[in-house]
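The values are calculated or read from the model by the stated rules, or taken from the named source; none is laboratory data. Because the structure is a prediction, the values reported are computed rather than measured. Cβ coordinates were reconstructed from backbone atoms using ideal geometry, including for glycine residues, and neighbour counts include every protein chain displayed.
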Amino acid sequence: MNFLTKGKRGIIYKRGNTIIKVKNPESKAKYRIQNEAKYLKLLNKYNIGPRFISYSKGRLKMEFVKGDFIIGYIKKNNKKDIIKILRDVLKQCFVMDKLRINKLEMHHPLKHIIVGKNPILIDFERCYKTDNPKNATQFIQFIISKNLNEVLLKKKIKINRKKMIGLAIRYKGKINEENFNNILHEI
């Protein structure tokens with residue numbers, strides 16, 4: 001087992017094609033790894049997240065995801081592929097919104113989306129159930145942010161910020177297929 005990285009709440013090791021995540025002893029957050037296991041297992045039924053393998057005694061085992069973090073992917077790829085990835089992430093956000101699960105960090109998901117063949121959302125330790133999920137609207141904030149917008153413009157992808165904000169507000173008021181599809185058509 002090889003050390004891979006350390007975050008605020010977890011330490012991640014890699015063994016073959018498996019990731020093992022344990023609680024960072026410096027973290028005061030309780031039950032985060034257990035919470036991640038619970039939501040990862042549930043979301044895997046909807047093809048969201050790395051494949052859950054097991055959870056036991058504070059150790060979460062899941063599939064190792066190969067690829068680039070989303071910004072690296074966008075910088076290296078073409079317009080068509082980038083648009084597909086952005087839409088795929090939004091579709092995953094929509095599923096979580098319909099399930100009333102809030103992931104958090106989707107407004108700044110630089111280390112929460114790994115793109116190989118497809119985009120894989122990672123880090124579900126802060127997920128929670130809510131009547132007011134914000135996954136898609138937070139990801140829209142990321143898409144229209146100044147930093148990402150500059151990168152997208154270099155790839156000849158222009159997103160109308162004002163129109164997207166209006167569509168996000170409408171979607172937040174009523175999370176449904178029609179409002180979501182209006183967002184997808186804008187990308």
Q: Look at the range 134-187 and say how many of its residues are in contact with a strand residue (DSSP E or B) (Cβ under 9 Å, 6 or more places away or on another chain) and assigned to a loop (DSSP other than H, G, I, E, B).
A: 1
Q. Within the range 70-88, is even one residue in contact (Cβ under 8 Å) with a residue 24 or more places away in the chain, over 30 Å from residue 1 (Cα atoms) and in contact with a strand residue (DSSP E or B) (Cβ under 8 Å, 6 or more places away or on another chain)?
A. yes
Q) What single numbered condition from (1) hydroxyl-bearing (Ser, Thr, Tyr); (2) surrounded by 12 or more Cβ atoms within 10 Å (Cβ to Cβ); (3) closer than 28 Å to residue 19 by Cβ fails to hold for residue 130? A) (2)
Q: Specify the residue that is farthest from residue 43 (Cα to Cα); the eligible residues are those in the range 78-108 that are touching a helix residue (DSSP H, G or I) at 6+ places or on another chain (Cβ under 6 Å) and in a loop (DSSP other than H, G, I, E, B).
A: 107
Q. Which one of the conditions (1) at pLDDT 95 or above; (2) out of contact with any Ser or Thr (no Cβ under 8 Å at 6 or more places or on another chain) does residue 153 fail to meet, given that it meets all the rest?
A. (1)
Q. For the range 141-160, how many residues are among the charged types (D, E, K, R) and surrounded by 14 or more Cβ atoms within 10 Å (Cβ to Cβ)?
A. 1
Q. Which of (1) in a helix (DSSP H, G or I); (2) among the charged types (D, E, K, R); (3) surrounded by fewer than 15 Cβ atoms within 10 Å (Cβ to Cβ); (4) within 12 Å of the chain's Cα centre (by Cα) is the odd one out, the single condition residue 111 does not satisfy?
A. (1)
Q | Candidates 61, 21, filtered to the one that is in contact with a Gly (Cβ under 6 Å, 6 or more places away or on another chain), in a strand (DSSP E or B) and without any contact (Cβ under 8 Å) to a residue 60 or more places away in the chain | A | 21
